Amino acid sequence: MKKSMLMFGLALVSFSASAQHDHASGTAEKATSKQMAPMFEDQNIGLAYGAYIQLKEALVASESKSATTAAAGLQKSLAAVDNSKSALAEAAKVAKAATLDDQRKAFVGLSNEMTALVKGAKLSMGTIYLDYCPMAKGSWLSNDKEIKNPYYGSKMLSCGSVKETIE
C-alpha cells in the first residue's frame, strides 16, 4: 500500500510539472516534443526530484510564492532521501528567502546538491538534462532539452545550454 501511494504521488508530481510546462509552451508542437518525466529506482529520490522540478518551474515563471511552497515540499521529500543533508539545507535557504532574487541565488546551491543526489541515484527510465547559465554561473536539472532558465525567467528564458545528459 505504501509503495502504491508513493507511485501515485510521483505520478501526480510528474503530471503537475508536465502540465505546467505544456501550459507555458503555448504550442502543440512544443508540447509533443516534451519527454516523459524520468523515473528512479529509489522512489524517494524520484519524489524529491519531482518537487525540485516544481520549484524550478516556479522560478522560471517568476512566481515567488509558488517557489516558497515548492521549496517547502522539496524539504519534506528530501527528509526521506539518504545522504540528503546538504540538499535539505539548501532547500531550506530557498524556502526562507524573502525575495525572488534571493530564491534564485539560493537555487544555485540547491541545484548543485540535487545534481549530486541525482547522479548518485539510478534512473529506471528517462533522461535528465544538466543545463548551465553562464550569466548566473549556475546549473539546473531539467526533463527537457529546451532551455528554460530559472535564474532569469522571462527576461532571459533561453539563456544557457545543456552541459550534460544523465541517463
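The values are calculated or read from the model by the stated rules, or taken from the named source; none is laboratory data. Remember, predicted model here, so these are calculated numbers, not experimental data. Virtual Cβ from ideal backbone geometry, glycine too; neighbours counted across all protein chains shown.
List of remarks:
- Residue check for G109: buried (at least 18 other Cβ atoms within 10 Å of the Cβ) and either under 27 Å from N44 (Cβ atoms) or modelled with pLDDT under 95 (or both): no
- Out of N112, N83, sole residue that is among the polar types (S, T, N, Q) and on the phi > 0 side of the Ramachandran plot: N83
- Filter result for V81 (farther than 13 Å from K56 by Cβ, in contact (Cβ under 8 Å) with a residue 24 or more places away in the chain, hydrophobic (A, V, I, L, M, F, W, C) and in a strand (DSSP E or B)): no
- Criterion: in contact with a Phe, Trp or Tyr (Cβ under 9 Å, 6 or more places away or on another chain), without any contact (Cβ under 8 Å) to a residue 60 or more places away in the chain and not in a strand (DSSP E or B) - qualifying residue of S139, S111: S111
- Single condition P150 does not satisfy, out of (1) surrounded by fewer than 17 Cβ atoms within 10 Å (Cβ to Cβ); (2) in contact with a Gly (Cβ under 9 Å, 6 or more places away or on another chain): (1)
- Taking the criterion of being part of a loop (DSSP other than H, G, I, E, B), closer than 11 Å to M39 by Cβ and among the aliphatic types (A, V, I, L, M), the only residue of region 116-136 that qualifies is A121.
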